[in-house]
Amino acid sequence: MNPFHKAGRFWRGNLHTHTTVSDGKLDPEHVCQFYQAAGYDFIALTDHFHPYFQWRLADGRPYQTDDFLVLTGAELHAPGLEFSDLWHLLAVGLPFDFAPLGEHEDGPQLAKRALDTGAFVAIAHPEFYHLSEGEARSLGDVHAIEIFNGTSIDHNDKPYGWALFDVLTARGHRYSACATDDAHFDPERNDALLGWVMVKSEQLTSDAILTALKAGDYYSSTGAEIYDLQVSREKITVHCSPAERVFVTGISYQALAVSGNGIRTAEFDLAKFKSPYARITVRDHLGRRAWSNVFWFESIG
Ligand SMILES: [Zn+2]
Ligand SMILES: [Zn+2]
């Protein structure tokens with residue numbers, strides 16, 4: 001079901017955050033205060049789960065309030081990639097007793113173990129470190145791919161994950177697409193408040209947000225907003241914050257677009273759109289985006 005038509009409201013959150021528990025420069029308390037003051041409803045603390053940092057998970061529970069949720073998580077690492085010494089896997093909603101990497105455990109086994117705890121698991125910044133299509137597929141059914149990773153902008157100018165995401169979607173995989181900061185608060189890089197998710201849920205609780213994330217009931221943003229999406233097999237209507245261009249993107253080069261000054265409503269006739277699925281992008285005059293998750297027409301009545 002279209003998340004825009006489910007009950008509840010949208011909650012703004014950052015799913016990928018480092019603290020002094022690993023290589024972040026702010027401690028968990030100040031990270032939580034920073035995001036709450038910036039108007040976020042929730043964050044996930046996702047420090048590197050690695051022996052160098054004593055396999056610790058940051059505990060943000062003391063900094064939680066009625067209107068600010070802190071999810072437990074980690075960025076999981078295991079050896080065994082072609083172009084990198086370590087996998088980077090985002091796991092949100094991990095239990096505090098999640099066991100360290102086993103002696104012979106590889107990336108897919110680690111992802112499976114995180115999934116088995118009920119965590120939301122995403123492939124972190126694939127473009128940043130040349131994760132290949134085959135390596136991504138070897139993970140099986142993880143939930144999402146980071147399609148925007150803020151810290152990669154100042155790190156190596158490769159913040160996107162759309163190339164991998166679109167190839168895997170064209171092959172029939174049902175990942176959702178998440179934007180994150182991967183914030184470290186290192187003065188060398190600007191990596192906070194750059195990319196976030198807007199999660200549709202009736203409640204701001206760990207269970208409700210994780211359930212919505214796993215169901216793909218969210219959209220991603222670097223500044224633009226989507227207020228409503230109506231999707232049928234014949235037509236897509238988008239209501240959004242003022243935009244200069246709105247896209248419907250499908251398989252390969254299939255796309256429709258409208259442009260204008262301060263577009264708030266965009267309508268697309270799908271008669272000439274030849275794709276089994278579509279995702280929507282809203283771009284404003286400053287280049288900020290909002291990205292929907294994928295709609296598969298076969299599941300639309
Ligand atoms: Zn990483
Ligand atoms: Zn990270």
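The values are calculated or read from the model by the stated rules, or taken from the named source; none is laboratory data. It should be emphasised that the depicted structure is a prediction, and the values quoted were computed from it without experimental measurement. Glycine also receives a Cβ, built like all others from the backbone with ideal geometry; neighbour counts cover every protein chain displayed.
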Inset, instruction - Looking only at the stretch 4-35, count how many residues are in a helix (DSSP H, G or I), under 19 Å from the mean Cα position of the chain (by Cα) and surrounded by fewer than 22 Cβ atoms within 10 Å (Cβ to Cβ). - result: 1
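Mind checking which residues of the stretch 70-90 are away from ligand 1 (no atom under 16 Å from the Cβ) and surrounded by fewer than 23 Cβ atoms within 10 Å (Cβ to Cβ)?
The first filter runs over the stretch 70-90 and keeps only residues away from ligand 1 (no atom under 16 Å from the Cβ), leaving 70-72, 82.
Once the filter is applied, which keeps residues that are away from ligand 1 (no atom under 16 Å from the Cβ) and surrounded by fewer than 23 Cβ atoms within 10 Å (Cβ to Cβ), the stretch 70-90 yields 72, 82.
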Inset, instruction - Determine if the stretch 117-124 includes at least one residue that is more than 16 Å from the chain's Cα centre (by Cα), surrounded by fewer than 22 Cβ atoms within 10 Å (Cβ to Cβ) and either assigned by TED's automatic domain parsing to the domain that holds residue 46 or more than 21 Å from residue 215 (Cβ to Cβ) (or both). - result: yes
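Take the residues of the stretch 62-76 that are among the acidic types (Asp, Glu) and touching an Asp or Glu at 6+ places or on another chain (Cβ under 8 Å): which is farthest from residue 182 (Cα to Cα)?
67
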Legend entry - Residues within the stretch 131-180 that are within 16 Å of ligand 2 (Cβ to nearest atom) and either at pLDDT below 95 or surrounded by fewer than 16 Cβ atoms within 10 Å (Cβ to Cβ) (or both), tallied: 3
Inset, instruction - Take the stretch 281-301 and flag every residue that is in contact with a Phe, Trp or Tyr (Cβ under 7 Å, 6 or more places away or on another chain) and assigned to a strand (DSSP E or B). - result: 281, 290, 291, 295, 296
Inset, instruction - For residue 66, indicate whether it is surrounded by fewer than 18 Cβ atoms within 10 Å (Cβ to Cβ), away from ligand 2 (no atom under 16 Å from the Cβ) and over 23 Å from residue 10 (Cβ atoms). - result: no
Inset, instruction - Name the one entry in 84, 22 that is small (Gly, Ala, Ser) and either outside the structural domain of residue 208 (by TED's automatic domain parsing) or within 12 Å of ligand 2 (Cβ to nearest atom) (or both). - result: 22
Legend entry - Looking only at the stretch 181-210, and only at residues there that are more than 20 Å from residue 17 (Cα to Cα) and of a type in the set (S, T, N, Q), the one that is nearest to ligand 2 (Cβ to nearest atom): 201
Legend entry - Whichever residue in the stretch 119-136 is away from ligand 1 (no atom under 15 Å from the Cβ) and out of contact with any Leu (no Cβ under 7 Å at 6 or more places or on another chain) and, among such residues, is nearest to residue 163 (Cα to Cα): 132
Inset, instruction - Give the residues of the stretch 139-161 that are free of Cβ contacts under 8 Å to residues at least 40 places away in the same chain and farther than 19 Å from residue 120 by Cβ, sorted by residue number. - result: 152, 154, 155, 156, 157, 158, 159, 160
Inset, instruction - Return the residue satisfying two criteria in turn: it lies in the stretch 36-48 and is within 16 Å of ligand 1 (Cβ to nearest atom) and under 28 Å from residue 203 (Cβ atoms), and of such residues it is surrounded by the fewest Cβ atoms within 10 Å (Cβ to Cβ). - result: 47
